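Everything below concerns the one structure shown next.
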């Protein structure tokens, strides 16, 4: 169920044999992402459980399970900005129903992230996925 943008990342990772090259690619993805405005870096958008500071700002269009999930994000760590870019490729533009039925662990494992991130980064990534799922669940229920 992965998006075309996410599949492109998978293909790029398959092409890049060395994890150092993949790591650099993730950082470049983060650098290319538009920063979140300072006005959105508030406690309500901050993700707890991350070693770095992380903010995710949802922008959900429509109502109910067919609402379309979009979000912006930012972090004070470049690798984490890259992880946010990967999550945007995975989730952005899906219906909230699709977001809730996307197996992020499986999809991210296709990139080998589970094997190459520190425990703290892995926990932070899980916290970001959980925040996205919570936002989508709230939108699906009309909250």
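Each reported figure results from applying straightforward, stated rules to the coordinates on display, with no laboratory input. These numbers come from a predicted model, not from an experiment. Cβ sites come from the backbone with ideal geometry, for glycine too, and all protein chains shown count toward neighbours.
Here are the numbers for this structure:
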quantity: Length gained when the stretch residue 51-residue 133 is fully extended (0.36 nm per residue, less Cα-Cα span); calculated: 27.5 nm
quantity: Amide N of the range 114-143 lying under 17 Å from the label point, which is placed 7 angstrom from the Cα of residue 66 along Cα→Cβ; calculated: 139-142
quantity: Computed over the range 12-143: relative contact order in percent, which uses C-alpha pairs under 8 Å that are six or more apart; calculated: 28
quantity: Taking N as its residue count, the alpha carbon Rg of the chain over 2.2 N^0.38 Å; calculated: 0.99
quantity: For the range 1-46, projected area of the alpha-carbon convex hull averaged over all directions, nm²; calculated: 4.8
quantity: Cα-based helix-to-principal-axis angle, 4-15 vs the chain, degrees rounded to 10; calculated: 10
quantity: Relative packing of peptides 84-90, 44-50 - highest average C-beta neighbours within 10 Å first; calculated: 84-90, 44-50
quantity: Mean residue ellipticity (222 nm) of the chain, computed from DSSP H runs ≥ 4 via -39,500 (n - 2.57), nearest 500; calculated: -16500 deg cm²/dmol
quantity: Gained length - residue 76 relative to residue 123, 0.36 nm times residue gap less alpha-carbon distance; calculated: 15.3 nm
